[in-house]
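The values are calculated or read from the model by the stated rules, or taken from the named source; none is laboratory data. Just so you know, these numbers come straight off a predicted model, no measurement behind them. In this analysis, Cβ positions are derived from the backbone assuming ideal geometry, glycine residues included, and neighbour counts consider all displayed protein chains. Ligands, DNA and RNA are excluded from the accessible area calculation, which covers all protein heavy atoms including side chains. Shrake-Rupley method; radii C 1.70, N 1.55, O 1.52, S 1.80 Å.
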Amino acid sequence: MRLSKLLSDAPAVATMQVDGFLDGHTLKWGKHKRIKVGKVLRNFHCRACEAQRTFVSGDELSCLGLGDNQISIDATLQCVECRSSVEIWFLIGSNSDISGVAPEVRIERYTENLRDRADRVDGHRGPFSDLVKRAQLAYENQLGAGSIVYLRKIFELVTFEVADIAKIETKNHNGRNIPFSVVLEKVNAVRNIIPRRFSSDGYQLFRELSEIIHGESSEEEALQKYKPCLQLVLGVVDEVSRDNEYARAIEELGWNIENIGEITRGGVA
């Protein structure tokens, strides 16, 4: 298998054996080399085309040596229709000599720079798309607490927007914010925004997010908790979108109800 197949399947982290691509010579730390490993193909939602398109790399990729067991690869991909370009970056690792004839390699890190020209096909579009995207990017870059910050922000925004629609006070007479737990309880009493499967203690989710952010969990624990926390936060968004009366009110605020549903159905890999 050529290395381009592994790169095209990113961010999968499985270790795979690929054809040698460094001609049997170690690429010393800090040294660059152009490699031919096949074209990288990625599907994105092209903003210029307003449709899903395949983005393809050139015949050669730029490779940077990081020692016997690691390399960095940069690639520029173009939309096959409009030629809009995006950049992607890979950190490739191996347990053995990566310059071998048939090294076993894996993707250790993957980053995209879509430059407002494209979105992931499974990406989230709608009122919380930016926050969901930032949360996912932080997670992919191993920033556990950082990813959770965005999830808590989504939870807060949903709760306070529904409180505003329901005319529930969020500030005391002196102008200070009412504790979030109190606002959440009042909102949930009027409109069940907390999914029934954990409605007995809806504040537990916010408490969990806050404890991670304030350092009561390690970065490793935060990364482990990210996906279940994401699903619960998006579950709150889904509960709000299910309510027809509130859906109409939210639509008047400029939200896209169909896209809210898309967020909750799409999930994140």
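Between rounded, prolate and oblate, where does the stretch 3-120 land on the alpha carbon gyration tensor, with a ≥ b ≥ c its root eigenvalues, rounded for a/c under 1.5, else prolate if a/b exceeds b/c? It is prolate, given that a/c is not under 1.5 and a/b is the larger ratio. For the stretch 3-120, a simple Cβ point-charge model (Lys and Arg +1, Asp and Glu -1, everything else neutral) yields a dipole of about 240 debye relative to the Cα centre. Straight Cα distances below 26 angstrom link K31 to the lysines K5, K39, with same-chain residues fewer than 8 positions distant left out. Using the heavy atoms of the protein chains alone and a 1.4 angstrom probe, what is the accessible area of the stretch 3-120 per residue in square angstrom? Value returned for the stretch 3-120: 51 Å² of accessible area per residue.
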